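J.: So that we are looking at the same thing, I have put the structure below in structure tokens.
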Amino acid sequence: MASNHTTSARGFYEVLGSEPFQRGYEDVRRGLPPSYDAYETVREQTRYERGRLFSSVDSAKGKTLRVCTDTVDRFKAARDRKEVV
């Protein structure tokens with residue numbers, strides 16, 4: 001589970017599989033600049049930013065993220081290293 005001051009607890013699969021997270025992840029993989037106003041809600045914008053952060057520390061190949069147990073484990077490890085908050 002993950003949470004911060006603006007959201008309630010969410011499952012990792014829900015966060016990693018969300019459209020905003022996937023878009024942020026893909027934007028970094030494609031070399032696109034950040035879209036700071038991509039979403040209207042704090043939750044969606046936060047997921048977008050987390051996707052960008054995770055993409056910058058994730059060593060997986062490819063532009064799209066397959067959400068599986070390995071992805072969740074890599075995300076948790078990045079979180080534990082304070083690379084993704």
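The values are calculated or read from the model by the stated rules, or taken from the named source; none is laboratory data. This one's a predicted model, so the numbers in the text were calculated from it and none came from an experiment. All Cβ positions, even for glycine, are placed from backbone atoms using ideal geometry, and neighbour counts span all protein chains on display.
Per-residue answers, yes or no, for (1) of a type in the set (Phe, Trp, Tyr); (2) assigned to a helix (DSSP H, G or I):
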site	(1), (2)
Tyr25	yes, yes
Pro34	no, no
Gln45	no, yes
Glu49	no, yes
Leu53	no, yes
Ser56	no, yes
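J.: List pairs: first in segment 59-74 and of a type in the set (S, T, N, Q), second surrounded by 10 or more Cβ atoms within 10 Å (Cβ to Cβ), Cβ under 7 Å, 6+ apart or cross-chain?
T.: Thr64/Glu26; Thr71/Leu16; Thr71/Leu65
Residues are listed down the side, and each one gets a yes or a no for (1) modelled with pLDDT of 85 or more; (2) surrounded by 19 or more Cβ atoms within 10 Å (Cβ to Cβ):
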| position | (1), (2) |
| --- | --- |
| Glu19 | yes, no |
| Tyr25 | yes, yes |
| Leu32 | yes, no |
| Ser35 | yes, no |
| Val57 | yes, no |
| Arg66 | no, no |
| Ala77 | yes, no |
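J.: How many of the residues making up segment 50-60 are small (Gly, Ala, Ser) and out of contact with any Gly (no Cβ under 9 Å at 6 or more places or on another chain)?
T.: Qualifying residue count, segment 50-60: 3.
J.: Would segment 69-81 turn up any residue that is outside any helix (DSSP H, G or I) and either over 20 Å from Tyr13 (Cβ atoms) or of a type in the set (Gly, Ala, Ser) (or both)?
T.: For segment 69-81, residues outside any helix (DSSP H, G or I) and either over 20 Å from Tyr13 (Cβ atoms) or of a type in the set (Gly, Ala, Ser) (or both): present.
J.: Of all residues in segment 61-77 being among the hydrophobic types (A, V, I, L, M, F, W, C) and out of contact with any Gly (no Cβ under 6 Å at 6 or more places or on another chain), which is nearest to Arg50 (Cα to Cα)?
T.: Phe75
J.: Looking only at residues in segment 33-68 that are of a type in the set (Asp, Glu) and more than 12 Å from the chain's Cα centre (by Cα), which one is nearest to Tyr13 (Cα to Cα)?
T.: Selected residue: Glu40.
J.: I've got another one for you. Report, by residue number, each residue of segment 29-44 that is out of contact with any helix residue (DSSP H, G or I) (no Cβ under 7 Å at 6 or more places or on another chain), in contact (Cβ under 8 Å) with a residue 24 or more places away in the chain and of a type outside the set (A, V, I, L, M, F, W, C).
T.: Arg30, Arg43
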